[in-house]
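Derivation of every value follows stated rules applied to the coordinates shown; laboratory data play no part. Being a predicted model, the structure only gives us computed values, none of them experimental. Ideal geometry is used to build each Cβ from the backbone, glycine not excepted, and the neighbour counts take in all protein chains shown.
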Amino acid sequence: MFSSFFSAAPPVDPTAPNFHSVTTNVSDSDLFGPLEPKDMEWACAGGFVTETQTFYIIADDGRNIMYQLIHSSVGLWYPTLQFNCKIYDPKTGESIWKSINVANFVTPPPGLDKRSAKSDQCSITYQSKPGSDHPESYLLSANLGVDLQVSLEVSRPATAPGWKLGKGPKGGFSYFGPDLEKPEGYVVHRFWPLTEVEGHLIINGKAESLTGSGMFVHAIQGMRPNLVASSWDFHHFQSKELGGVSAIQMEFVTCDTHGRHGAGSGPVTVNVGSLVINKKLVTVTGRTTWPGEKDESTIVSKSTHLNNILDPHTGYQKPSELDVEWSGPSLVADAPGTVSGKVFMDVGDVDQPKGLIERVDILAEIPYVLKAAVSYVAGTKPFMYQWINPTKIHLTGPEAIAPGLSEGVDVEGRMYTESTFISLIPEKVAA
């Protein structure tokens, strides 16, 4: 799949485009790409590929849960499988964090297809219920001893279909390298924008029931992480108000090695997201910002760091505030128009953070072989900030979607955010 494993041969024209964004050749009115069954299958590709399935949940009692399985291939080495689970209670500040290498991973498990996976420690089992109010679901199970056991059903409402940006087999992909037929690497994301969750946890031998809502993302990076991007932002807002609201957004900033005019013409900012209102997927947004170019797109899909402060713990300029925006055409057939959303979240400064779950040293958490392949690159010092805070989203759109939307509605909820810095790129630090 790659023209070379560690580096590509230089293009004939060194100023030729060497990055092709997911929004390229996708019109503003055609951003929604329905998921096909194959989109949700485990690829388990070789080369240098990191594949994740991640379930983010905001429980009705306020707890934040992440359930994640990672398949990492590093060249000719045998793939590493890692399971991560984090449960954070903002009321008490207590956090449970489990990160283990799993054994005997298999996909598909006997009697199932490759949308399911199983190991000795955890499993992700896909279920199809066509024609029902929840036509698809995943059963999540993990047994990590008396400390933590997980048993949850994550269901997708029929009114909130899964999506990728752009239709067809290449929908959702951004490609790296000058030759689209032989890319140096790629990034792809597929989403369930709203899930309903129920089940139970067993923590230190005590069973607890759990209900909530969330989202699911299946992501693949077909390239060394430090070559894909200098930074990532991910936002996940949930509310029970207005019939059920979910707002998700993912943004990455390429290194300056990839851009419209070859090496040195980046960094390029790629952002995709969606809004669910009244339990309906109402818009999908996507926007690419190229350095030095004016964007004529009518779509707004944007994550902004405000009042950045140097964090001596990481060496990065962390935001004190976050501004997240969506605006795109309505996907609801009987409610044409534009749907917009905006969230502002105060995450505090270094000494007095607000809603900070953890400042994650990524090299301390990832498998050894992946760490070795990433850390040798000069300047690579990846850290992730995780926050969750009560906040509100301001929504506008056609009145037919939800009462009051035409005048604008403020919806109270909670937003979980990950801001990941991978390398000290001046353009990102100054953003």
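Observations, loosely collected:
- The lone exception for Tyr126 - which of (1) more than 15 Å from Pro37 (Cα to Cα); (2) surrounded by 14 or more Cβ atoms within 10 Å (Cβ to Cβ) it fails: (1)
- Hey, Arg224 touching a residue at least 60 places away in the same chain (Cβ under 8 Å), in contact with a helix residue (DSSP H, G or I) (Cβ under 7 Å, 6 or more places away or on another chain), surrounded by fewer than 22 Cβ atoms within 10 Å (Cβ to Cβ) and not hydroxyl-bearing (Ser, Thr, Tyr) or not: yes
- Only residues that are within 25 Å of the chain's Cα centre (by Cα) and farther than 15 Å from Gly162 by Cα were counted in region 118-142, giving 11.
- Count of region 137-185 residues, restricted to those that are of a type in the set (D, E, K, R) and without any contact (Cβ under 8 Å) to a residue 12 or more places away in the chain, is 2.
- The residues in region 59-74 that are in contact with a Pro (Cβ under 7 Å, 6 or more places away or on another chain) and either among the hydroxyl-bearing types (Ser, Thr, Tyr) or closer than 15 Å to Glu41 by Cα (or both) can be counted, and the count is 3.
- Selection status of Val343, among the aliphatic types (A, V, I, L, M) and buried (at least 20 other Cβ atoms within 10 Å of the Cβ): yes
- Region 34-77: number of residues that are out of contact with any strand residue (DSSP E or B) (no Cβ under 8 Å at 6 or more places or on another chain) and within 30 Å of Leu331 (Cα to Cα): 4
- Those residues of region 197-216 which are touching a Ser or Thr at 6+ places or on another chain (Cβ under 9 Å), surrounded by fewer than 20 Cβ atoms within 10 Å (Cβ to Cβ) and at negative phi, in sequence order: Glu198, His200, Ile202
- Matching option when the condition is over 18 Å from Met40 (Cα atoms), surrounded by 14 or more Cβ atoms within 10 Å (Cβ to Cβ), out of contact with any Pro (no Cβ under 7 Å at 6 or more places or on another chain) and touching a residue at least 12 places away in the same chain (Cβ under 8 Å), among Asp89, Asp120, Asp113: Asp89
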